[in-house]
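To keep things clear, I will list the structure first and then write my remarks on it.
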Amino acid sequence: MKTNGGAALIKSLELEGVEVIFGLPGGAILPVYDPIIDSPIRHILVRHEQGAGHMAEGYAHATGRPGVAMVTSGPAATNIVTPLADAYMDSVPLVVITGQVGTAGIGTDAFQEVDTVGMTRSITKHNELVTRAEDIPRVIREAFHIATTGRPGPVLVDIPKDIVDPTNPNSAMDWYWPDSVDLPGYNPQMDGDPALIEAAARLILASERPVLYAGGGILKARAAEALTALAELLDIPVVTTLMGRGGIPDDHPLCLGMPGMHGNYTAVMSMQESDLLIALGSRFDDRVTGKLAEFAPHAKIIHVDIDPAELGKVRRPDVGITGDCRLVIEELINALNILGVDSQPDRSSWRSTLSGWQEKYPLKYAQSETGELLKPQFVLEQLRDNTPDDCIVASGVGQHQMWTAQYWKFNHPYTWINSGGLGTMGFAVPAAIGAKVGRPDRMVWAVDGDGCFQMTAQELVTAASERIPVKIAILNNAYLGMVRQWQEMFYEERYSEVYLSPDLPDYKMWAEAMGCVGMRVESPEDVLPAIQRANEIDDRPVVIDFRTDAREKVFPMVPAGKSNSDIVVGE
Amino acid sequence: MNTNPTEVRHHILSVLVENKPGVLARVSGLFARRAFNIYSLAVAPTNDPSVSRISIVVDVESAPLEQITKQLDKLINVLLIEELAPSAAVQRELLIATVVVTTSGHQAFRDTLGTFSAKLLDENADSFIVSLEDTPERLDVFAAFLGSHHLVALERTGRVALPRLS
C-alpha cells in the first residue's frame, strides 16, 4: 500500500495502542497534524511544550503505559528537554516525537532548527533522527519497545518535515508494520540468576535486623503485590522511598514509611542500624543515604535492579542481582520457601526497637493559634482524610512535596506522582492533568507550592478547555519555601530572593480567568468545606489557594552532607 | 606533538557497535560528561560492514571504568564491550611523520629506518616522509629518534587491539 511518512507515523502510533497524544503543532511538524484529524487518537492541545512532556509523564505514572508527546522543532524541542530529563531520572516510559527542519536544511541554521538528538542524547534512553520515510514504522516500533522494556525511560524520535509531507516526494513509501524489533545490542535481563537468588535468601534468613528498601523500580515493575507478599512471608519491615511510596500500603503494619533527607525517624534509623538492606528497585540516591561513608555502616547489601549499571554504582552490594523486580521477588519467595522461613533468627528485639522509635518520634507539628495562617500539615491531613483512598496525588518540588510524601497515606500503588530525581518545579499541574486523562475514573489532586504553580499554571487552560477536572491545592506561603528553610537554617536567616507575595498574583482570580473554579482559604474551619466543595465539582478544574504559614519547616531533616544519624527531628 | 611514553594506567576498551550515524558521539559523550580523557581512539567498520569496532584507550582508575563500561553497555547501538589488559592484547598503531634531515645525515637516517623496519613513503632533497607500524611502545622509541632531527609533522592513528589467542 502506497502511503506517506506522516500518515505512516500516525498509523504506527495507532498500532502501538496510543490513545492520547499531548502536543502542540508548529511549522516542522505541521504535516503530521493533518492525519491526526482522521485518527481515533485523542490529541490534547497544551499551552507550552513543557506541559505536554509532564502530562505524558503523569499519564505514564498513573497507567503504567507509555506517555506520548508530539511537538515541533527548535524552541518546541528545547521546551520539552526538561520533561525528557525528568523522565530519564525517574525512569518514566515516554515516546516524544519532535519535528525537524527538512533533511536538506539540517545543519544550515534553518528557521527553528536545533540539533535535537545532539541536545537530548544524555537525557534519553535512546533517540533517533529519522532521515527516510520508510524507516518511520520501524523506528516507532523500536521506540515503544525501548521506552517500555528493561529500565523504562524516554525515547525521542526526531522527524524532518520533508519525509512526512505528502506533497514532497521524499515522503513516499510503501506501508509495512514490522513483526518484531531487531535490536541486537538491547537485551534486558529479566530473570535473576538462581545462584544469586539463593545467596540472597540465605543472607536474609541469617539476618537479625533486616530492612526492605523499596524504590521506584517496585512500581515500574508492577511489583507492589509481590513486595507485600515478600514482606509478609518474612515479617520484615519496609521503607518506601520518595519514588516508591505506595509500593506497600502505608497502613500495613510492616510499612515504616519514607527514609531520606526528610524521611521519618524510624525509617531513617532502621536503615542506619540495619544489618541487611534488601534494596529492590532503589538506587542509593544521595537524598536517601546522606553522607555516604556513614550510611548504614553495619549493613550487608542485597541489591536487585533491572539496570546492571546501578549495582555497585554507589554502594557495593554483597549480592547484586540484575533482573526485573517482580520476577526476582517471586523467585526469591520460591527460594525462601524451599530453604524454609521458620529458621529465621529471633527478631523481637529489632521489632521492639522499631516500634519504640515509632512511638517516640512520630511526625509532629504544632496546630495554628487563632489568627495565624494555616499549618500546611493540617491542610494535608484534611485533604488526605477527605478524599478517596485511591485518590491520585501529584506534587511539585519543595516543602509541599515533602509534606505530602510524609503525611499522605499511600494505601494503593501508582497513586503518587512526583518529580524525584530531577526535582522539577512546576511538575504538579501538568502531571496531574496527564494522570486524570489516563485514569478518568479516579479523583486526582495536585498539591502544589505557590512558586511551582506559577511555573506551569497555564496548563489549567488546557484542562479547562478539555474538561479535565483536576483539583489543585496550592500551599501558598508566599515564599520559595524550601529555599527559605535552607536560608533560615544554614544562612543565618539571611533571606535572599525567596519572597513571592501571597496575593500577587491573585490565585483565585487567576484560576477563574483560566476557566477553573477558584477558592481562597485562610482559616482552619474553612479548610474542610472547601475540600468538600472541590470534590463535588466534576466538570472543570478547581484551584484552592490555601494561605499557609511560611515559618513552618519540613522535619525531620538530615542536613546536606551530614550522616543520617545526625537527623534533626524538629525544633 | 605528544609522544609521551605509554602509561601503565591505560585501559583498552574494544567496543563493537552498530555502524550508524551518531554512534561515535554517543560513546564519546559518555566519557566527556564524566571528564574522562580519551587518550586515543580508532574506529572503522569490521569485516561485517554493519558493525564497527571502536578501540578506546583511556587513562582512568578501574572503579570508574567499570561504571562507564556498564553505562556504555546500556547504549542501544553498542553490541559488545571487551576490556583488554595490555598484557592480554595484541596492539598495533601506525605512525607517519615528515622529517628534515641534513644532507650529511641521510645515510645514517636511512640505516636507522632499517633497524626499526620503518618505511620510506616519500622524499625530496632534504625531507622524508616515513611510516612505522608497530607496538605503541616501539612507536614511542621511534618518535624519540625522529625528534632528534627536525620533525615537521607527526601523526599517530591511535591503537587498534585484539585479544591474544591464549
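Please treat every number below as a calculation from the coordinates, not as lab data. Source: prediction; values computed, not measured. Positions of Cβ are generated from backbone atoms using ideal geometry, with glycine treated the same way; all protein chains shown enter the neighbour counts.
Per DSSP helix of 4 or more residues, -39500 (n - 2.57); summed, then divided by the residues of chain B. What does that give at 222 nm, rounded to the nearest 500?
On the way: 4 runs with 47 residues, N = 166.
Value at 222 nm, helices only, nearest 500: -8500 deg cm²/dmol.
Each residue of segment A:51-56 is assigned a 3J(HN,Hα), and the resulting list reads x, 4, x, 5, 4, 4 Hz, derived from the Karplus form 6.51 cos²θ - 1.76 cosθ + 1.60 (θ = phi - 60°), x at Gly and Pro.
For chain A, the normalised intensity computed at q = 0.05, 0.08 Å⁻¹ comes to -0.22, -0.56 (log10 of I(q)/I(0), Debye sum over alpha carbons, equal scatterers, no solvent).
A simple rule links phi to the HN-Hα coupling: the Karplus curve 6.51 cos²θ - 1.76 cosθ + 1.60 with θ = phi - 60°, which for segment A:278-295 gives 9, 7, 10, x, 10, 10, 6, 4, 4, 6, 8, 7, x, 4, 4, 4, 10, 7 Hz, with x for Gly and Pro. Using a simple spin-label model with pseudo-atoms 7 Å out from Cα toward Cβ, B:ARG33 and A:LEU15 lie 3.2 nm apart. With q set to 0.24 Å⁻¹, the log10 of I(q)/I(0) for segment B:90-163, from the Debye formula over equal scatterers at the Cα positions, is -1.09.
Remark on A:VAL517: its backbone amide H falls under 5 Å from those of A:VAL542, A:VAL543, a criterion applied only to residues 5 or more positions apart or on other chains, H modelled at 1.01 Å from N. If a/c stays under 1.5 just call it rounded; otherwise compare a/b with b/c (prolate if a/b is bigger, oblate if not). Do that for segment A:359-467, with a ≥ b ≥ c from the square roots of the Cα gyration tensor eigenvalues. Because a/c hits 1.5 or more and a/b exceeds b/c, segment A:359-467 counts as prolate.
Check the straight Cα-Cα distances from A:LYS313 and name the lysines below 27 Å, setting aside those fewer than 8 residues away within the same chain. Straight-line reach from A:LYS313, under 27 Å: A:LYS125, A:LYS220, A:LYS291, A:LYS300, A:LYS562, B:LYS70, B:LYS74.
Once the chain from A:SER355 to A:SER180 is taken as fully extended at 0.36 nm per residue, the excess over their C-alpha distance is 57.8 nm.
Can you check what the net charge comes to around A:VAL558, using other residues whose Cβ is under 11 Å from the Cβ of A:VAL558 (Lys, Arg +1; Asp, Glu -1)? Numbers along the way, then the final one.
On the way: positive: A:ARG287, A:LYS291, A:LYS562; negative: A:ASP286, A:GLU294, A:ASP566.
Net of charged neighbours comes to 0.
Averaging 1/r across all pairs of distinct Cα atoms in segment A:376-547 and inverting the result yields a Kirkwood radius of 15.9 Å.
Taking all Cα-Cα distances within segment A:194-360, those exceeding 21 Å account for 38%. What is the local net charge at A:TRP175, summed over the other residues whose Cβ is closer than 9 Å to its Cβ (Lys, Arg +1; Asp, Glu -1)? With Lys, Arg at +1 and Asp, Glu at -1, the net is +1.
Once you have the Cα-Cα distance between A:LYS562 and A:TYR499, take 0.36 nm times their residue separation minus that, and quote the gain in nm to one decimal.
Values: separation 63, 0.36 × 63 = 22.68 nm, distance 2.77 nm.
Residue separation times 0.36 nm, minus the Cα-Cα distance, leaves 19.9 nm.
Less than 5 angstrom separates the built amide H of A:ILE21 from those of A:ARG42, A:HIS43, A:ILE44, all sequence-distant by 5 or more or on a different chain.
Calculate for chain A the 222 nm mean residue ellipticity that helices alone would give, adding -39,500 (n - 2.57) per DSSP H run of length 4 or more and normalising by residue count, nearest 500 deg cm²/dmol.
Roughly -10500 deg cm²/dmol at 222 nm, from the helical runs in chain A.
Calculated on C-alpha atoms, the gyration radius of segment A:51-114 divided by its Kirkwood radius gives an Rg/Rh of 1.07.
Model label sites at A:ASP538 and A:ASN187, defined 7 Å from Cα along the beta-carbon direction, differ in position by 5.1 nm. Only Cα pairs under 8 Å and 6+ residues apart enter the sum, and on that basis the relative contact order of chain A stands at 14 percent.
From the largest down, chain B spans 58, 35, 33 angstrom on the principal axes of its Cα atoms.
Packing here is the average count of other Cβ atoms within 10 Å per residue, and on that basis the peptides A:485-497, B:154-166, A:115-127, A:50-62, highest first, run A:50-62, A:115-127, B:154-166, A:485-497. For A:ASP115, neighbours were defined as the other residues whose beta-carbon sits under 13 Å from its Cβ, and their charges (Lys and Arg +1, Asp and Glu -1) total -2. Karplus-based coupling profile of segment A:520-529, in residue order and whole Hz: 10, 10, 10, 10, x, 5, 8, 5, 4, x, with θ = phi - 60° in 6.51 cos²θ - 1.76 cosθ + 1.60 and x standing for Gly or Pro.
Take every pair of alpha-carbon atoms less than 8 Å apart whose residues are at least six positions apart; their mean separation over the length of segment B:10-84 yields a relative contact order of 49 percent.
Spacing of the modelled spin labels on B:THR103 and B:LEU165, each 7 Å from Cα toward Cβ, amounts to 5.1 nm. Peptide A:121-129 shows a mean partner chain C-beta count of 3 within 10 Å per residue C-beta. For the pair A:GLN367 and A:GLU525, the difference between a 0.36 nm per residue extended length and the Cα-Cα distance amounts to 55.6 nm.
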